[in-house]
Amino acid sequence: MTHVFTPAETTSLPVQGSGDTFPVRRVYCVGRNYADHAIEMGHDPDKEPPFFFQKNPDNLIVGDSFPYPSMSSDVHHEIELVVFLSKGGENIPVEDALSHVYGYAVGLDMTRRDLQGEAKKMGRPWEIGKAFEDSAPVSPVVPASEIGHPDSGAIWLKVNGEIRQNGDLNQMIWKVAESISYLSGLFRLAPGDVIMTGTPAGVGAVKRGDVLEGHIDGIGDLRVTVS
């Protein structure tokens, strides 16, 4: 007997100002990429090369709601610049890396901090803390052909109108081009790959009913309610 099933649809995100969509292949996340955040998480940013973990493509959502996840009582917000690649490759030179970028968005790397903390203590992977359903709300993709490649400018997050995170893109330890280049030495990158570039200091817990408002200069805004 042959079993027939329908595979899940590819995750596609809207491109701002057009009817186009960006199909997502993989989602890479840069850990501790702002010095102040590395320090607040108990690490020395001067001693660590970049490291990466992954979310799942369907973790990325565009909408006005973030469903509070199961199995956690300590879910944190992390505001991030999100990078979308239109070209891939291996061992991409830093000086050529930005030519691989299709566009950018404002994103949240929502984290089950209690589960992540348990995984860290046991030396286990972070997926249960990071790669759960709907864990990456993002704004529509803004093409680099329209805005260039922002390397400075405010990145902030408000919770219920109060500033929680407030940084500048120029505070990234590993810049966008450097992250792409380094990552391409570890994996064969391809069109549709997404890179979440890390978060500034000020991460903290959210609860149902909270309104999260994120902003990155030159890119746009993101607003979601925790449900």
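The values are calculated or read from the model by the stated rules, or taken from the named source; none is laboratory data. This one's a predicted model, so the numbers in the text were calculated from it and none came from an experiment. Cβ sites come from the backbone with ideal geometry, for glycine too, and all protein chains shown count toward neighbours. Side chains included, ligands, DNA and RNA excluded: accessible areas come from the protein's heavy atoms. Shrake-Rupley method; radii C 1.70, N 1.55, O 1.52, S 1.80 Å.
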Once a ≥ b ≥ c are taken as the square roots of the eigenvalues of the Cα gyration tensor of the stretch 93-226, is the result rounded (a/c under 1.5), prolate (a/b larger than b/c) or oblate (a/b not larger than b/c)?
oblate
Put Val82, Val211, Val62 in order of accessible area, largest first, probe 1.4 Å, and you get Val62, Val211, Val82
Output needed for the stretch 99-172: three equivalent-ellipsoid semi-axes, defined as square roots of 5 times the C-alpha gyration tensor eigenvalues, in descending order, whole Å.
28, 17, 13
Straight-line reach from Lys87: which lysines have a Cα under 24 Å away, not including same-chain ones fewer than 8 places off?
Lys55, Lys175
Placing one identical point scatterer on every Cα of the chain and ignoring solvent, what is log10 I(q)/I(0) from the Debye formula at q = 0.11 Å⁻¹?
-0.51
When Lys and Arg each count +1 and Asp and Glu each count -1, what net charge do the other residues less than 13 Å away from Leu108, Cβ to Cβ, add up to?
-3
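Based on the Kirkwood radius over alpha-carbon pairs, what value in µm²/s does the Stokes-Einstein equation return for the translational diffusion coefficient of the stretch 182-227 at 10 °C and 1.306 mPa s? Don't skip to the end; give the middle numbers.
Working: Rh = 13.9 Å.
My calculation gives 114 µm²/s for D.
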Given Gln165, Val82, Leu189, which one lies farthest toward the positive end of the charge dipole of the chain, if we put +1 on the Cβ of every Lys and Arg and -1 on the Cβ of every Asp and Glu?
Leu189
Put +1 on the Cβ of every Lys and Arg and -1 on every Asp and Glu Cβ in the stretch 1-147; which of Phe53, Val30, Gly19 then has its Cα farthest towards the positive end of the dipole?
Phe53
In the chain the DSSP beta bridges are antiparallel at a rate, in percent to nearest 5, of 85
